[in-house]
Amino acid sequence: MSFQFLLFDGFSNMVLASALEPLRAARDMAQGQNICWHISTLDNGLVQSSSGIQIKPDGDITQAGVVDYLVVIAGYDVRGHVSPRGRAQLRQLASRAGVVAGLDTGAWLLASAGLLNGAQATIHWQEAAGFAETFPDVIPGKQRFVVAGKYITCGGASTVLEMMLHLLAEKFGPAMAFNVANLFVYDAERQYDSGRGANILKRRSDTPGFLAAIDVMMAHIEDPVSLATIAKRASLSLRSLDRLFQRELAMSPGKYYQMIRLARAHDMATQTGLSVAQIALQTGFASTATLSRAFRAQYGTQISKLRAHRKG
């Protein structure tokens, strides 16, 4: 899953972070180890954010080659970035990408290159009126992010995070997206009630019970409890618990429970000096052998190798 991020002066740091940090988090999980990205600018020079932070591109704009996703991020003074040469470059880059996304005011640049003609698109709310007037061939969209064929557009940072979770769910499944979302919120159930953060699940009357079950699992990494106990504390039957996990995450509650314990073990192996035995104890595995077998099945490598790499 390869990304080329094309930045323009005036871009928002929050928008870039909302796009990159979910990818970084997903890359650290078992399914996302092949996620990669390349930072580019049209002139291969430094780019400056709206708050004055400068970013150096990873290399020549052509080095990324063919990518799965081209992500165009613009912010203030987007009209100043429209030029015949820039439009031609955008069209060329878009032809080498499977999906093209315009974030914040990036849709303006895509539209100026004629890439959104006849398609629905959205943009940062401050530019919505001017966008509709300037590009009458583009159909204005009011959704938080709009998917139109190979093009995706969205507005500010919060919608970018939702878009990235959508892409991760499509590629790796809802469990991956849910886990990534939970890294950026403090309380999943509270965020669900407010309609933000990890609220990537459909609103159903029994979904709060599902989130309550997740809370129990997260609270018992070191001392795992039975599925019967989890169901009871979430006010669910075992059958309902299994049904909810199959529906929301396409896996059994037991498999998901082990997955989050292994994720904690992965973090400990790469970020601490704990021994495998200590990690097994703190993630609720009966022995180092049990942890090692489960870890290899999940991540395709031995946990001892990760520790050795960290020491090196």
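Is it possible to state the helix-based mean residue ellipticity at 222 nm for the chain, with each DSSP H run of 4+ residues giving -39500 (n - 2.57), the sum divided by total residues, to the nearest 500 deg cm²/dmol? What is it?
The helix contribution divided over the chain gives -14500 deg cm²/dmol.
Could you check how much of the accessible area of the chain is carbon and sulfur, as a whole percent, using a 1.4 Å probe?
C and S fraction of accessible area: 50 percent.
Tally the DSSP beta bridges in the chain and give the antiparallel ones as a percent, rounded to 5.
20
At a Förster distance of 22 Å, what's the computed FRET efficiency of Q33 paired with Q302, Cβ-Cβ distance as r, to 0.05?
E(calc), rounded to 0.05, equals 0.90.
When the distances between all Cα atoms of the chain are binned every 20 Å from zero, what whole-number percent does each bin get?
30, 50, 20, 0
Looking at L42, Q278, G156, which one has the Cα that reaches farthest to the positive end of the dipole of the chain (charges on Cβ: Lys, Arg +1; Asp, Glu -1)?
Farthest along the dipole direction, towards plus: Q278.
Using a 1.4 angstrom probe, figure out how much accessible area the chain has per residue, in square angstrom, rounded to the nearest whole.
47
Which entries of K171/K232; K171/K305; K150/K171 show an alpha-carbon separation above 21 angstrom in the structure shown?
Pairs exceeding the cut-off: K171/K232; K171/K305.
Determine the equivalent ellipsoid of segment 1-155 by diagonalising the alpha-carbon gyration tensor, then write out the semi-axes as square roots of 5 times the eigenvalues, largest first, rounded to whole Å.
Over the Cα atoms of segment 1-155, the ellipsoid semi-axes are 23, 17, 16 Å.
The values are calculated or read from the model by the stated rules, or taken from the named source; none is laboratory data. In this text, all values refer to a predicted model and were calculated from it rather than measured experimentally. Cβ: placed from backbone, ideal geometry, glycine included. Neighbour counts: every protein chain shown. Accessible surface areas use protein heavy atoms only, side chains included; no ligands, DNA or RNA. Shrake-Rupley method; radii C 1.70, N 1.55, O 1.52, S 1.80 Å.
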